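Presented below is the structure to which this report refers.
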Amino acid sequence: MTHRAVAVSRALFRSVLVLAVVLAGAVTDAQAQTGTISGTITGSDTLQGLPNTDVWIFNFNSNGDTADAIVTTNASGFYTASLPAGTYAVITQNRLGYINEAYNNRPCSAVCDLESIEQIVVTNGGSFTADFVLDPGGRVAGRITDSVTGLGIAGVRVVVVPESVEWLRSAGKTDAPGK
């Protein structure tokens, strides 16, 4: 290899090395722009983790009515969500018959009092623990049937609507037998 070819190879190697260092810094900066909310959801009657409970996370600074993130607890009732820095509300959506809550022991099953929801601040690189202990609650059960055949009707959305609706929180869908 000529002297000139070696010089070009070294310059190219240095450029690639500098680019790799810059990109590594960008990845580190991007990772630092997020934080986490995590916790465990347990039942007050058993003190055991509640599996397959959805956790809905809403950004207080967004204008949408939909959750910014939805995560599900594992078999031990643990969940974690990685989120951009911001201010959030965290709400459970349990299907095992427990009363859902917004973070810090605020009942939130059929409706939520939006004024009482505690804000959680997620900082860059920070973490926040939001544990829940849910109390057992009641359930609405029944069967939707065809008035002529008496057969169950699948796919009907059933919604629980209290007298004064601020924020609807309980709904379900019928299965094949209409339950």
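Using R0 = 41 Å, the C-beta based FRET efficiency linking residue 69 and residue 48 works out to 0.95.
Computed extension length for residue 147-residue 99: 14.0 nm, one decimal, from 0.36 nm per residue of separation with the Cα-Cα distance subtracted. Projecting label points 7 angstrom from Cα along Cα→Cβ for residue 157 and residue 82 puts them 3.2 nm apart.
In terms of other Cβ atoms within 10 Å, 149, 80, 40 run from fewest to most in the order 149, 80, 40.
Within a 10 angstrom radius of the beta carbon, how do 157, 106, 143 rank from fewest other beta carbons to most? Walk me through the numbers on the way to the answer.
Numbers: 157 8, 106 15, 143 11.
In order of increasing Cβ crowding within 10 Å: 157, 143, 106.
Applying the criteria of a DSSP loop state and at most 13 other Cβ atoms within 10 Å to the GluC sites (Glu not before Pro) of region 85-130 yields 118.
Every number in this text was worked out from the coordinates using simple rules, so none of it is lab data. Just so it is clear, the structure is predicted and the values come from calculations on it, not from any experiment. Don't worry about glycine lacking a Cβ; one is built from the backbone with ideal geometry, like all the others, and counts go over all protein chains shown.
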